[in-house]
Structure formats: structure tokens, C-alpha cells
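K.L.:
I'd like to ask some things about the structure below.
The values are calculated or read from the model by the stated rules, or taken from the named source; none is laboratory data. Bear in mind the structure is a predicted one, so any value in this text is a computation, not a measurement. Positions of Cβ are generated from backbone atoms using ideal geometry, with glycine treated the same way; all protein chains shown enter the neighbour counts.
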Amino acid sequence: MAKKPKNDVTTDTVENAEGQSEQKNAPKHSDYAYVVQNKKARALTRHKKAIIIVGIILLILLLLVGGIYGFYSAVRINNFKIYIEPSGGRILTLSPHNSMVPGSEMIEIIGPNEMTNTTFASGKNIVHSTPIEDRLIEIVSGEGSITSVDDYFIAGTFYMQNITSEEKVYGERVSFDIATLGAQKALRVMLIRNDEIFVYAAPKTDEDGNYIKLDSEGRRIFSDNEGFYYLNGEDKVRVEQDGDLQREEVVPISSGYTERKLAKDENGEYHIVKAEGNDPWMTEFFYSDEYAIYNDGLKIAAGEKVKYSIIIWFEGWDSDCVDKIVNGEVQLSLSFACN
């Protein structure tokens, strides 16, 4: 049988309406047509493969960048660095251990994976984590980083020692290395020095984040280009002096929360006791926008060892602990300097 030309046409026989047979021409796809279609298919396939490869590369890059950013953020926000400034070199030393072994010029307190609103007050927590008061004895009795994976606060205990043979005067500074979106306004910094508790916070603010200042008669004092005033209805009543900043409560809940102290029994075991009086427990002001704490003139005897505990948290009952500070960043560090 003779081979048909490539561009030949096949003939099929069919019957018409009168029953007579007739031929129907049907074109046969040429090898060339097949090649064209095949090239288009391969080009489309290559295009799809290129898109998939580029997508995979972008995904890997995003995951890599996201991983780096997440780790970097965790380090910046949740790790608390403690170090000796140059002026205290060869005078002061640090250690997470009471034995002071090993001694170092820098140590770190490791915090949780995330920090969110919590509270100091036992039984008053508004999140699913342990209130700080319920962990306080564990914190002051421990060494080094104390924070567990279920905590939303940074906590640790360490020691600082004068390694010289002379009495020295030193200072302690807790610095705001990073503070964004006003997150520091809801922050509490508890410094426990030789079992004495000090709590620092930003001054009280209103719902718009403005500091509240009151005069001796309890009127809120504002300021503008012309000076100071208070409002009597909508009228501005001018006064000569500015008002005083208002302190935040350590735990600002409506029932009031009185001051707590640490005490030891005859066996040396810690207990949490209420201080005398029924006034709410008030914070000390942060020193400035740069420093949460800046204390100078502290004396340390030759060879003396000072025990420190540090606890940092966002107080959930603070009016500034609101959604607008979400994604805000706060990084603090504690340093010691000699005068």
C-alpha cells in the first residue's frame, strides 16, 4: 500500500439522505501542526515551572527573613542585659550565683517568648498565666533567670560584689534602649535590692496618653502657649503654677491593692507580708525618657555582696495597657557604675 503524503487528506464514505453514498473530506493533522502544538505546550510548561521555582525561592526568602526578624525581636524585647560600666571595671563583678562563681562583667536574664498584659496581684490576673506575686518567693529564692515558658514577665535574681579592699560608691541605671508606641507607659519595673522592694512606672496618663497633672486642690492643670490653666466648664481659668504629675498604682484596680514586703522567718524562709497602712501601693516615677531607674550615691563596703532581683511586666490593670501599644517594642538593660 502506497504511503500517503504528509499533507494528504483522508476520505470517509457516508450515506446521504437519499441513501446514496458520498465522500466526506477530513483533514489529517500534519506532523508540523503537532510540532507547533508541542512547542506551545513545552513553552507553557517551562513558564509554569519558572513561576513555581520563583515562588519557592520567594517563600524560602520570606521564611528566612521572618525567622531572623522573629529571633531578633525576641532577643531585643525579652532578654535583659546586666553589665558593669567601664567606671566599675575591676571594682564590681556580677554573677547569677550567690557563690559569685563565675564572676563576670555581663550576665543576661532570659525572658519569655512573648510579653503581654499580666499583673502582680495574686488572684487578680486577667490572662492565663501565674500572677507575679504567686511566683515572688520563687524568684527571690532562686538564681539567674527564673521566668518559665508560661510566664508573660521577665524575672531573675543575681549578685553584684565589690571585689576591692575599699568602700565604694556606685550607681544603678535601668535604661530604655528601645521604647516605641508608648508601650513603656504600661510597664512596671520592680527592683529588689537586698530584699527591699522598689517599683517604678511612668506617671499616670489619661485615655489619650497625656500625663495627668493636678494642683493642691485636685484640679487638673493644662498648659498652652500662654501658660497654665484649669477648666471651669469650657472656660480656661489661668493659674501661675504647673500641677504635679500623678503616680500610678503598682496594681491599679478599683478595690485598692496595698503594699507588699518580703520578710524571713527564723528558718530563713521568705514570706510576703502586707506593709502597715491601707493606702494603695504607689510606684516611683521613671527617672526620664531615657532611664527607668537612675540611682546614684549607693555605698558598698569592701568585699560586700548585694543581692538583686529584677521583675519587668506590662501591668494589665493599667489604663495604658491597651491595643494601641500592640507591636510596640521595649528593651531595657541594667548597668552599674562607680562614682
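K.L.:
What are the residues in segment 153-176 that are within 22 Å of residue 332 (Cβ to Cβ) and touching an Asp or Glu at 6+ places or on another chain (Cβ under 7 Å), if any?
P.N.:
Within segment 153-176, 157, 171, 175, 176 qualify.
One line per residue, one yes/no per condition, for (1) within 24 Å of residue 287 (Cβ to Cβ); (2) surrounded by fewer than 17 Cβ atoms within 10 Å (Cβ to Cβ):
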site	(1), (2)
216	no, yes
221	yes, no
227	no, yes
239	no, yes
244	yes, yes
250	yes, no
254	no, yes
258	no, yes
261	yes, yes
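K.L.:
Hey, another quick one. Could you tell me how many of the residues in segment 88-108 are among the polar types (S, T, N, Q), surrounded by 14 or more Cβ atoms within 10 Å (Cβ to Cβ) and not in a strand (DSSP E or B)?
P.N.:
0
K.L.:
I want to confirm something. Restricting to segment 189-213 and keeping residues that are in contact with a strand residue (DSSP E or B) (Cβ under 6 Å, 6 or more places away or on another chain) and among the hydrophobic types (A, V, I, L, M, F, W, C), which single residue is nearest to residue 239 (Cα to Cα)?
P.N.:
201
K.L.:
Another question about this same structure. Given the residues 101, 127, which is the only one that is among the aliphatic types (A, V, I, L, M) and under 12 Å from residue 151 (Cβ atoms)?
P.N.:
Exactly one residue qualifies, and that residue is 127.
K.L.:
Sticking with this one: Just to verify a result, which residue in segment 132-172, among those that are free of Cβ contacts under 8 Å to residues at least 40 places away in the same chain and under 18 Å from the mean Cα position of the chain (by Cα), is nearest to residue 338 (Cα to Cα)?
P.N.:
My answer is 146.
K.L.:
For segment 105-141, how many residues are modelled with pLDDT of 95 or more, out of contact with any Pro (no Cβ under 9 Å at 6 or more places or on another chain) and not charged (D, E, K, R)?
P.N.:
6
K.L.:
Of all residues in segment 130-144, how many are among the basic types (Lys, Arg) and not in a helix (DSSP H, G or I)?
P.N.:
0
K.L.:
Name the residue that is surrounded by the most Cβ atoms within 10 Å (Cβ to Cβ), counting only residues in segment 268-308 that are out of contact with any Leu (no Cβ under 8 Å at 6 or more places or on another chain) and hydroxyl-bearing (Ser, Thr, Tyr).
P.N.:
283
K.L.:
Ok, one more. Of all strands (runs of 3 or more DSSP E) completely enclosed by segment 220-323, which ones contain at least 3 residues that are more than 25 Å from residue 143 (Cα to Cα) and not β-branched (Val, Ile, Thr)?
P.N.:
222-224, 227-232, 235-239, 291-300
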